[in-house]
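A quick write-up on the structure given underneath.
The values are calculated or read from the model by the stated rules, or taken from the named source; none is laboratory data. Here the structure is a predicted model, which is why all the values come from computation and not from measurement. Cβ: placed from backbone, ideal geometry, glycine included. Neighbour counts: every protein chain shown.
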Amino acid sequence: MPNIKSAKKSVRTNQETAFNNTVYNSRVKNSIKKVEIAAKDKDKDKATDELKTAISNIDKSVSKGILKQNTADRKKSRLNKIVKEME
């Protein structure tokens, strides 16, 4: 346990940052799963709607600095490929 005031604040901010990172990561993962499930069920309309929300969540994670741009592009590309293969 830190004794110095700045070290205590550092621990607190690190915990808050870690929590926010897990929130955004779980949003991205859940939205990806929803797209995959809709594609598996052959529901094109639902898959395209879920794709829009997934891309939005991925872009928000990039803007917050949680995902790198190349990782986000790769995830979006794979999701687009899944949805386009449904045709």
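Is it the case, given these coordinates, that Met86 is at pLDDT below 95 and in contact with a helix residue (DSSP H, G or I) (Cβ under 8 Å, 6 or more places away or on another chain)? Yes: the conditions hold for Met86.
Against the test of being without any contact (Cβ under 8 Å) to a residue 12 or more places away in the chain and of a type in the set (Gly, Ala, Ser), the options Ser61, Ser26 yield a single qualifying residue, Ser26. Consider Val11 carefully, then state whether it is β-branched (Val, Ile, Thr) and in contact with a Ser or Thr (Cβ under 8 Å, 6 or more places away or on another chain). No; evaluated as a whole, the condition is false for this residue. Within region 64-86, the only residue that satisfies the criterion of being of a type in the set (S, T, N, Q) and in contact (Cβ under 8 Å) with a residue 24 or more places away in the chain is Asn80.
Yes/no matrix, rows are residues, columns are (1) charged (D, E, K, R); (2) touching a helix residue (DSSP H, G or I) at 6+ places or on another chain (Cβ under 7 Å); (3) closer than 16 Å to Lys81 by Cα:
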residue: Thr22; (1), (2), (3): no, no, no
residue: Ser26; (1), (2), (3): no, no, no
residue: Lys29; (1), (2), (3): yes, no, no
residue: Val35; (1), (2), (3): no, yes, yes
residue: Lys40; (1), (2), (3): yes, no, yes
residue: Lys44; (1), (2), (3): yes, no, yes
residue: Gly65; (1), (2), (3): no, no, no
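Scan region 22-55 for residues that are within 12 Å of the chain's Cα centre (by Cα) and surrounded by fewer than 15 Cβ atoms within 10 Å (Cβ to Cβ) and the total you get is 8. Could we say that Ile58 is surrounded by 14 or more Cβ atoms within 10 Å (Cβ to Cβ), of a type in the set (A, V, I, L, M) and under 22 Å from Glu87 (Cα atoms) here? Spelling it out, it is not the case that Ile58 is surrounded by 14 or more Cβ atoms within 10 Å (Cβ to Cβ), of a type in the set (A, V, I, L, M) and under 22 Å from Glu87 (Cα atoms).
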